[in-house]
Amino acid sequence: MITHIHTNASNGPASEIDPVIADALRSIFGQDHKPEWKECYTKVRRLARLLNDPWTEPRIGIITVTDHLNQKSHTLQKDALKLAAANPRLAICGEISCVDIDLDGKYRRSPEVLVYGRPEPVPGPFGPYFGLSQDMLDDMFQRCRAPGMQELQTGKVLDYCENNGLAYALAHPLDGQELSLEPILGLVSRSKFVEVVNGGFPASTSKYLDGFLRFQVRLAQGWRIPDDMITRFPLAGRLVGKIIRENRNPPHPWGGSDAHSHNFSRVVIVFRTQSLQPTAGDLFKTMIDYSTTELMDDEIFKIEGRPGSSISVLDDVLRIVARNIWEGRRKYFRIPTKTLALMTETRRVVAQELGKRARRRAELLRYAQKELPLSRILASMIPPTKENADESGGYEASRFVDGRM
């Protein structure tokens, strides 16, 4: 299954990079220039053709289209709805842009949420289909706003999904956002599925997220952190307190291709099911009905593929830049000096944006290794015994200071 993929519906107001590129184009062609730039040229019918295509390796049985959706743009595309109505293995879902509250009380860009849908098909203009309906999205964008803002709040979107029976996953939570580590891990610890492997982001964040999920699994099994480690790393104590008090189940690891241009099946989910040809509704039902412990014990879902690298990410972006320049060649190639400036400026902007994200990622991971070194904490944890285990999994929640999560 491909559970995180984009089409040309992710362009325009839905795109975060669109304003950056638009400013660069206007600096070259003048402020009256109307930029025509797309971060994705993939059409949904191209993805639909991948379903059980004998030439595609691995074979793809389900695709959930997860285009960018935000307060500026969350209208579903008719061509996508038409294709989904014709094929129950193609679902129209969304990657919801969000903000959330940080340690200083300010709202900043926070992890996005992949919202999939319910087990039952929803009505559409071309017949019922699996995924999100326009009414569901409109309701979500009305109810889940951060206080005093138009942007949605990650925590409220997670609550909305849980309260309305929607399958969901937290998307690449350590990449592409601006929150501090503690509120990020607070959101991770309360999510049912967390994307730990993403084809568009590097292995460093995948490794740390995998360690945190193993940490939470051990807490659920009754393992303890020695008191001296709690004293040395207070963040661990605050996280444990929150997890124990709210009886949070460990998240299930999830994986996503996140492809915008090619190599769509670079990260997939293997879905073990008795159905010979499961639908997207079968996937959503399994995600909702079973606990994460049951899913992990029975190995219902398995991630196949690797996270991205600096080279693969740069390749993705340069392909998109080249495609945009080629598509606009009649406009851009008329003046050679402008063409050269376009190529130079877009490369500069892209390099600047990638560099900014890389620095933010490195800073976050350095802080994480200092304040919550999971490898050391995991190595120190004490397995449960009759002497040290109790109903709270080995801890009394009142021992820990409440974290701001």
Using 0.36 nm times the number of residues separating Ile311 and Phe126, minus their current alpha carbon distance, what extension gain do you get?
62.5 nm
Measuring from the longest principal axis of the C-alpha atoms of the chain, the long axis of helix 18-29 (C-alpha) lies at a number of degrees, nearest 10, equal to 30 degrees
Label-point gap, in nm, between Ile382 and Arg323 - each point 7 angstrom along Cα→Cβ:
5.6 nm
Give me the net charge of Leu374's neighbourhood, meaning all other residues with Cβ under 10 Å from the Cβ of Leu374; Lys, Arg count +1, Asp, Glu -1.
+2
Expressed as an acute angle from 0 to 90° and rounded to the nearest 10, what is the orientation of the C-alpha long axis of helix 336-371 relative to the principal long axis of the chain?
0 degrees
Order of His33, His4 from fewest to most other C-beta atoms within 10 Å?
His33, His4
I'd like the Karplus ³J(HN,Hα) series for the range 212-217: coefficients 6.51, -1.76, 1.60, θ = phi - 60°, whole numbers in Hz, and an x wherever there's a Gly or Pro.
5, 5, 5, 4, 6, 4
Cα Rg over Rh - the range 255-377, Kirkwood
1.14
Using θ = phi - 60° and the Karplus relation 6.51 cos²θ - 1.76 cosθ + 1.60, list the HN-Hα couplings for the range 100-105 in order, rounded to whole Hz, with x at every Gly or Pro.
7, 7, 9, 4, 8, x
Along the range 218-225, Karplus-curve 3J(HN,Hα) (6.51, -1.76, 1.60; θ = phi - 60°) to the nearest Hz, with x for Gly and Pro, reads 5, 4, 5, 7, x, 5, 10, 9
Collect residues whose amide H, placed 1.01 Å from N in the peptide plane, falls under 5 Å from the amide H of Gly256; neighbours closer than 5 in sequence don't count.
Val197, Asn198, Gly199
Please rank Leu219, Leu314, fewest neighbouring Cβ atoms within 10 Å first, as an exposure proxy.
Leu314, Leu219
Among residues other than Tyr290 whose Cβ falls under 13 Å from its Cβ, what is the net charge (Lys/Arg +1, Asp/Glu -1)?
-3
Degrees separating the helix 181-190 axis from the principal Cα axis of the chain, which is the longest one
80 degrees
Strictly over 18 Å apart at the Cα level, which of Lys43/Lys356; Lys106/Lys370; Lys242/Lys285; Lys106/Lys156; Lys38/Lys356; Lys106/Lys356 would you flag in this model?
Lys43/Lys356; Lys106/Lys370; Lys242/Lys285; Lys38/Lys356; Lys106/Lys356
Considering only the chain, percent of DSSP beta bridges that pair antiparallel, nearest 5:
50 percent
Please enumerate, by chain and number, the aspartates and glutamates with C-alpha under 19 Å from the C-alpha of Lys34, excluding those fewer than 8 residues away in the same chain.
Glu16, Asp18, Asp23, Glu327, Glu345
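Each value in this text was obtained by applying a stated rule to the coordinates, not by laboratory testing. Worth saying up front: this structure is predicted, and the values here are computed from it rather than measured. Cβ coordinates were reconstructed from backbone atoms using ideal geometry, including for glycine residues, and neighbour counts include every protein chain displayed.
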